[in-house]
Amino acid sequence: MIDFLIPGLCLLACLALLVLLRRRGAKPFDYGLQLAIWLSAWMLWQPPAIIPAERNISIDSKQLASSHPINLNGVENISLNGEPLGRDKLRDLAPVRLELSKILESDVRWELDWQRRITLGDSLKLKVHNSQPLTENVKISLLNPYGHIEDSLELKVGETIQAQLTATPKLAGPQLYRVRTESEAGETHTDPLPILVREPLQPKLLLWLARPSFETAALSRWLHQSGVAAQVMTQLAPEISRKETLNGLPLTESADLLTKESPFDLVILDSSLWPQLSSQQKRQLNELATTKSLLWLVSDDSSEEFLQYAAGHSMPLQRGEAPHLHSGFGYQKADNLEIPPLRNRGLTAVQPGPNDLLLGERETPLFWGRSTQTQHLGFILFSDSHRWLTSGFATEFASLWKSIIDYQLKHLGRQQPVTLSNELPRTQERTTLCSPLFSNQRPVLLSSQENSQPISGVAVSSNSQGQCYSFWPQSSGWHQLKTDLKAEAALDFYIFAKEDWPQWQQSVNARETRQMASARLGPIGNSQASKVPLERQWPALILLLLVCISWWRERRLLDRSLS
């Protein structure tokens, strides 16, 4: 509205003055003077684009990073001076080419690597790398959340930093460790090292056997000694079964064993049970592998109907000529040659997938497992592992079964992934988060600080990781991402302050600046962008000059009329 109001007022005022000048019998010079005055007033409101634009300009990176807008109309190349900038500062620029010949890049290359999420009981390992030789002695210390030193390392002059510091968290939840760097000159800098410590999973397991055997007895005893909450059922006769629970697990009735509502995360079944299962139980098994994990102990006398079941789940098994002996298990060979061999049941895996887990030889594996988003199914194809216990190889026995069960349960505790765009998210900078969770719900960001308000995200284009939202956090510390204020946190992550890890920030900015410079192909040809608007001080100066001339002319006419 105002774009039409200002020119309209100027035009009306100009017409009114022209009418007054006509009544007074003014000369043509006066008409032209008034037209020039109101034209200058309109140019002051909307300066015309008549100045040829500079194609190549040089800008200091601090000026580019400031909040003051920079006119880049018609600019095709920017030569950056000063310190490198992060991706966020360069992404919102007009599509111009970046020239980095004048950027002050240090030879220091800081690289950090640590697990952002670990399980309680695991060790935190921080790796620090810097290719630049030290100019003075440096001591690096890893401090726990209480300020006590967990690990430290002293480096001498001339050495490059190749440090690994370790610690074992004692509590679950968000934990803020710190890294303290002390120089010989007495300078000390402390930087945050956030990690999220998760509670270890305690899965529940059902072992349902067709008949007792040495192999299954050894497995049952190992589960009991390992503290796994399990229920063991052994079918003694068609209508008679022996039930036993391990490590405090309540007994579950048979009618609920194979339903989706059963408490078991992993169900281990004997393939010899297949003829004894009802039609309803077989239908439940077809659905069970999509929501829970299902593991089969394949016996020598497995029925053809069971093999058809395996083929129906895209994991066909084919009978071989004779059982095959394995001297080790998995992809590792036993260091001790006296370890008893494992015997393959004489079954081969037909066309296993590239992401499947195969222990032993690919043609005659000991175990074939598949754990994807839609299927969690595995087949135990070996026997005689119980001989390891009686031969003094209890550690190898535990490692074998633990690797299988861990793989079949790796989907537990998974949330739909949330991808964080920045390896070093910082305050007042764009942080983009992507996830399939955001397709139907708008996420909010919550700070751990008191009285903080939820931050709503700005939707951006989706990618292979899902729908994306951008946030601009204003405070450092732990933040939670939620799809709803009452929902559980989809992601806990840490926002670093501007003064945290200065050398690492410089290294990250240098890498991101080079990436942005190589990705920019320059502007699209646009003839309208070849000129820039006239700066407002020039129309203002012209207007002032014309008003002075008009006043001087009116003054002369008034003096003449008085004389």
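Evaluate the distance, in nm, between pseudo-label points positioned 7 Å from the Cα of LEU201 and of LEU39 along their respective Cα→Cβ axes. Distance between the two pseudo-spin positions: 7.9 nm. Length available on full extension from LYS170 to SER213: 0.36 nm per residue minus the Cα-Cα distance, which gives 11.4 nm. Per the Debye calculation on segment 61-212 with a single equal scatterer at every Cα and no solvent contribution, log₁₀ I(q)/I(0) for q = 0.18 Å⁻¹ amounts to -1.05. Label sites at LYS125 and ASP60, each approximated as a point 7 angstrom past Cα along Cα to Cβ, lie 4.5 nm apart. Once the dipole of segment 190-251 is set up with Lys and Arg at +1 and Asp and Glu at -1 on Cβ about the Cα centre, which of ASN247, ILE195, TRP208 lies farthest towards its positive end? Farthest along the dipole direction, towards plus: TRP208. Between GLU99 and THR245, the modelled labels are 7.7 nm apart [label points 7 Å from Cα along Cα→Cβ].
Placing one equal scatterer on every Cα of segment 380-474 and applying the Debye formula, the log10 ratio I(q)/I(0) at q = 0.10, 0.12, 0.23 Å⁻¹ is -0.51, -0.59, -1.17. The slack between ASP492 and ASN463, meaning 0.36 nm per residue of separation minus the straight C-alpha distance, is 8.3 nm. Run the dipole for segment 193-310 about the Cα centre, Lys and Arg Cβ at +1, Asp and Glu Cβ at -1, nothing else charged, and hand back the magnitude in debye, nearest 20. With Lys and Arg at +1 and Asp and Glu at -1, about 320 debye.
Using the Cα coordinates of segment 98-187, the gyration tensor eigenvalues translate into equivalent-ellipsoid semi-axes of 28, 18, 11 Å, sorted from longest to shortest.
In this structure, ARG442 and LYS260 have a Cβ-Cβ separation that, at R0 = 35 Å, corresponds to a calculated FRET efficiency of about 0.70.
The Cα center of segment 194-224 and the Cα center of segment 233-310 differ in position by 15 Å. Residue separation of THR427 and ALA311 scaled by 0.36 nm, minus their Cα-Cα distance, works out to 36.4 nm of gained length.
Any read-out appearing in this document is the output of simple, stated calculations on the displayed coordinates, not a laboratory observation. Keep in mind it's a predicted model, so treat the numbers as computed, not measured. Note that we place each Cβ from the backbone using ideal geometry, even for glycine, and neighbour counts take in every protein chain shown.
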